[in-house]
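**Student:** I'd like to ask some things about the structure below.
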Amino acid sequence: MTSETTTASVSTHILDTSIGRPAEGVAVGLSVRTGAEGAWFAHGASKTDADGRCKDFPALPEGTTHVRLEFETEAYFLSDQHNAANQQAEEQQDAPRVRDSGAFFPEVAITFAVKPGEHYHVPLLLNPFGYSVYRGS
């Protein structure tokens, strides 16, 4: 989706593929820079809602060429909420039992290029031992 504005916008969501549900309550930071060698500046922060989404990041400053999303995954994987959902998923399915406690990936940082006037939706598919991202719609 393009717009008439000169700024870009960003949203994200997280699906915990180990339990087949959105990841609620994950802190996500948004940083921006101008140019490949530019310094990073914090520009926004959010937490995923009950549907695993962050839709409230501010529009990007004019001149932004790169964005970094930083997902604080360790607190999520160690939370009682995740552990209860994981136990429920294991009881309902033939899901493999978690072989390790803690978070193998305590954080996930995704950097991508942006162009003015476009919206970038960047979902994170997450599990205790891996993750994947893509440009969504």
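Since every read-out is calculated from the coordinates, none of them should be taken as a lab result. Quick caveat: nothing in here was measured; it's all calculated off a predicted structure. Cβ: placed from backbone, ideal geometry, glycine included. Neighbour counts: every protein chain shown.
**Student:** Can you tell me how the stretch 8-83 classifies by the Cα gyration tensor, rounded, prolate or oblate, using a/c under 1.5 as the rounded cut?
**Tutor:** Prolate, because a/c is 1.5 or more and a/b exceeds b/c.
**Student:** So, one more: Beta carbons within 10 angstrom, averaged per residue: use that to sort the peptides 66-73, 42-49, highest first.
**Tutor:** Values: 66-73: 20.5, 42-49: 16.2.
In decreasing order of mean packing, 66-73, 42-49 become 66-73, 42-49.
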